[in-house]
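Reviewing the structure listed below.
Just so it is clear, none of the values below were taken in a lab; they were calculated from the coordinates. Values in this document were obtained by computation on a predicted structure and should not be read as measured data. All Cβ positions, glycine included, derive from the backbone under ideal geometry; neighbour counts span all protein chains shown.
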Amino acid sequence: MRKWFKPISLATVILTGMLLIYGTHDMPSWGDPNSPANRHISPRYITEATRKTATPNIVSAVLGDYRSYDTLGESAVIFTASISCLFLLRRIRRQRNHDD
Amino acid sequence: MTEYFLAKYNFWIYVVLMMIGLYAMMGKRNLVKKLIGMNIFQTSIILLFVSAGVKKGGATVPILRHSDYGSVHAEHLIRVADYLNPLPHVLMLTAIVVSIATTGVALATLILIYKRYNTLEEDEIMAIRKDIRSYKTPRILRSKD
């Protein structure tokens, strides 16, 4: 079973890649200004963000104003990661067990 | 045919990157290599989303030009085709932060695994755990005696 593990995973990966390349047939072409992602809601952000938030940089306007709760949660993610790294890597001072 | 290639080749690059990352996560036995594979996978997803915001034909970064800054109250004067799509950039900023957090916690866990088992190879760790479960002395300790 161990011998067949790498060929099976390679076959799975190639199958997934072929399916994804087949799926790119329906994707919009690269840099198309009229693709669905560029037409749906981003024109509203580009035209209105500066008036509503008084920030010329639209990315920071969306990050810090429209999605500020998302950014708050993001900082909570960073905080949790740093706290867990701290708890994992700190040197634990405890009494020696009898077996070591 | 060449036009089709030029319109789609970015997706194919990301698919190849994703295949490399997925194979590294599935097929490799070293845990650090698995982690590097996860990072390559995340990078391919980030590149895919950023490429969704590209507009050809003279679009620049989504920072309002000084000439457009005067016309923020007349929104029809701002040409949407002049600026890249800002939303994938914002979402991928969040994704980069999450990927940094997961990589940090995973590296800390790998340090603990290395301290405990003295190896990072997955099959050796599994052999040691199997020995411990069946109340035998683990292989690394046996060879020392």
query = Once every DSSP H run of n ≥ 4 in chain A is given -39500 (n - 2.57) and the sum is divided by its residues, what mean residue ellipticity at 222 nm do you get, rounded to the nearest 500 deg cm²/dmol?
reply = -19000 deg cm²/dmol
ask   = What range in chain A is the longest one free of trypsin sites (Lys or Arg not before Pro) that are in a loop by DSSP and have at most 12 other Cβ atoms within 10 angstrom?
value = A:4-89
note = In degrees, nearest 10, the alpha-carbon axis of helix A:5-23 is tilted away from the dominant principal axis of the alpha carbons of chain A by 10 degrees
message = Expected output is a single nm value to one decimal: the length gained when fully extending between A:S68 and A:L19, i.e. 0.36 nm times separation in residues minus the C-alpha distance. What is it?
response = 14.0 nm
ask   = Quick one: what Rg and Dmax do you get for the range A:1-99 from the alpha carbons, in Å?
value = 24.4, 71
In the range A:11-89, the chymotrypsin sites (Phe, Trp or Tyr not before Pro) that fall in loop regions by DSSP, at most 16 other Cβ within 10 Å = A:W30
task = State the Kirkwood hydrodynamic radius of the range A:40-90 in Å, one decimal place, computed from all pairs of distinct Cα atoms.
result = 12.7 Å
query = So what is the 222 nm mean residue ellipticity for chain B from helices alone, if each DSSP H run of at least 4 adds -39500 (n - 2.57) and you divide by all residues, rounding to the nearest 500 deg cm²/dmol?
reply = -23500 deg cm²/dmol
key: Placed amide H near A:N57: partners under 5 Å, 5+ positions off or other chain   = B:L64
remark   = Taking Cα atoms, the helix B:31-52 axis meets the longest principal axis of chain B at an angle in degrees (rounded to 10) of 10 degrees
More than 25 angstrom apart: percent of Cα pairs within chain B = 54 percent
inquiry  = Just to confirm the number: angle between the C-alpha axis of helix B:86-117 and the first principal axis of chain B, 0 to 90 degrees, nearest 10?
reply    = 10 degrees
